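Q: Submitted below is the structure of interest, expressed as structure tokens.
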Amino acid sequence: MKFHVLTIFPEFFRGPFEHGVLQRARQAGLVEICIHDLRNWTHDRHRTVDDRPFGGGEGMLLKPEPIFEAVEAIWPIRNAKQRVALLSAQGRKFNQAMAREYSALEELLLICGRYEGVDERVAEHLADDEISIGDYVLSGGELAAAVVVDAVARLGAGVLGNECSAAVESFENGLLDCPQWTRPADFRGWKVPEVLVGGNHEEIRRWRNEAARRKTARLRPDLLERELK
Ligand code: SAM
């Protein structure tokens, strides 16, 4: 899958995609990530990307022209296997189901806002989706874009190596993943649940299901309520 990220801070992405699963997927040619500097689509000496909001108010907004020009240059014609998403605190909350939906695309283009945000015409007339990674305000869309790329890319065919590993993770079946332990079996007197060292696979499977349900009820009861609706 191919990702495009449109940003005024291309250097920001030097680190996040250069480790672990994502780095291996890029090296294997399973994932391609193109970082585009928004200022390349400005036409003045100062490479201006922002302006004051109409009606007054604090701060500056990203102007529509460079953003529209950039997207139209990256994809002169758009198709159904491509999607443009604007990162925004006002957007629909990004979740695992959306990550799965995006992972079926061929290309995803993420627009990173900055300052006080982005001219609303980008959300209304250019982006297919406006997405938020949570109910808090970040200084820019770059961290959010990195989160989205990571969550989507790891679901791509062949990226995790073992296709089953994503299917048993948190949120995939409406529950959190079950708690897990590794060696030593006794660490400072805190022992691993006995069933997990007993070797009875059916018992372990049932125990894990129950443990996942208990942990979900304790930490994310909203997921269970959603399941009952
Ligand atoms: N004035 C905006 C508001 O209150 O909704 C916040 C603008 S924020 C300081 C600047 C940029 O950071 C946004 O345009 C967006 O791209 C990004 N951003 C901030 N919070 C975000 C979130 N929760 N999810 C995704 N992007 C976010």
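Q: Place a label point 7 angstrom from the Cα of Glu106 along the Cα-to-Cβ direction, then list the residues of the range 1-28 whose backbone nitrogen is under 19 Å away.
A: 1-5
Q: Calculate the spin-label point distance for Arg183 paired with Arg226, positioning each point 7 Å from the Cα along the beta-carbon direction, and give it in nanometres.
A: 3.8
Q: A further question on this structure: Just need log10 I(q)/I(0) for the range 170-228 at q = 0.13, 0.20 Å⁻¹, Debye formula, equal scatterers on the alpha-carbon atoms, no solvent, rounded to two decimals.
A: -0.40, -0.79
Q: Which value in nm describes the separation of the simple spin-label points at Ser165 and Glu124, placed 7 Å from the Cα toward the beta carbon?
A: Those two pseudo-labels are separated by 4.5 nm.
Q: Longest segment of the chain with no chymotrypsin sites (Phe, Trp or Tyr not before Pro) in a DSSP loop having at most 13 other Cβ atoms within 10 Å?
A: It works out to 55-135.
Q: Of Gly141, Gly55, Gly15, which has the largest mean-square fluctuation in a 10 Å C-alpha GNM of the chain?
A: Looking only at Gly141, Gly55, Gly15, the biggest GNM fluctuation is shown by Gly55.
Q: Sticking with this structure for a sec: So, with a 1.4 angstrom probe, what is the percent of accessible area on the range 170-228 that is carbon and sulfur?
A: 51
Q: So, for the range 2-153, what is the accessible surface per residue at a probe of 1.4 Å, expressed in square angstrom?
A: Here the residues of the range 2-153 average 53 Å² of exposed surface.
Q: Choose one answer from Ser170, Ser103, Ser132: the residue with the largest mean-square fluctuation in a GNM of the chain with alpha-carbon springs under 10 Å.
A: Comparing Ser170, Ser103, Ser132 in the GNM, the peak value goes to Ser170.
Q: Further question: List the GluC sites (Glu not before Pro) within the range 90-133 that DSSP assigns to loop and that have no more than 16 neighbouring Cβ atoms inside 10 Å.
A: Glu106, Glu116
Q: What does the extension gain come out to for Glu172 and Ala217, with contour length at 0.36 nm per residue minus their alpha carbon separation?
A: Once the chain is fully extended between Glu172 and Ala217, it gains 14.6 nm.
Q: With everything on Cα atoms, drop me the angle between helix 201-219 and the longest principal axis of the chain, reported from 0 to 90° to the nearest 10.
A: Tilt of helix 201-219: around 50 degrees.
Q: In whole Å and largest first, what semi-axes does the C-alpha gyration tensor of the chain yield when each eigenvalue is scaled by 5 and square-rooted?
A: The answer is 40, 20, 16 Å, longest axis first.
Q: Compute the relative contact order of the chain as a whole-number percentage, counting only Cα pairs closer than 8 Å that sit 6 or more residues apart in sequence.
A: So the answer I get is 20 percent.
Q: Based on alpha-carbon atoms only, what is the radius of gyration of the range 1-122 relative to the globular estimate 2.2 N^0.38 Å?
A: Working it through for the range 1-122, the quotient is 1.14.
Q: In nm, what is the difference between 0.36 nm times the number of residues separating His43 and Asn79 and their Cα-Cα distance?
A: 10.2 nm
Q: Can you pull the one-decimal nm distance between simple spin-label points at Ala89 and Arg14, each 7 Å off the Cα toward Cβ?
A: Placing both labels 7 Å beyond Cα along the Cβ direction yields 2.8 nm.
Q: In the range 56-132, which trypsin sites (Lys or Arg not before Pro) are in a loop and have at most 12 other Cβ atoms within 10 Å, using DSSP for the loop call?
A: Those that pass, being in a loop and sparsely packed, are Lys81.
Q: Projecting each Cα onto the charge dipole of the range 170-228 (Lys/Arg +1, Asp/Glu -1 at the beta carbon, about the Cα centre), which of Gly174, Trp190, Leu219 comes out farthest on the positive side?
A: It is Trp190.
The values are calculated or read from the model by the stated rules, or taken from the named source; none is laboratory data. A quick note: this is a predicted structure, and the numbers were derived from the prediction, not measured. Methodologically, a virtual Cβ is constructed for each residue, glycine included, from the backbone with ideal geometry; neighbour enumeration extends over all protein chains shown. All accessible areas refer to the heavy atoms of the entire protein, side chains included, with ligands and DNA or RNA removed. Shrake-Rupley method; radii C 1.70, N 1.55, O 1.52, S 1.80 Å.
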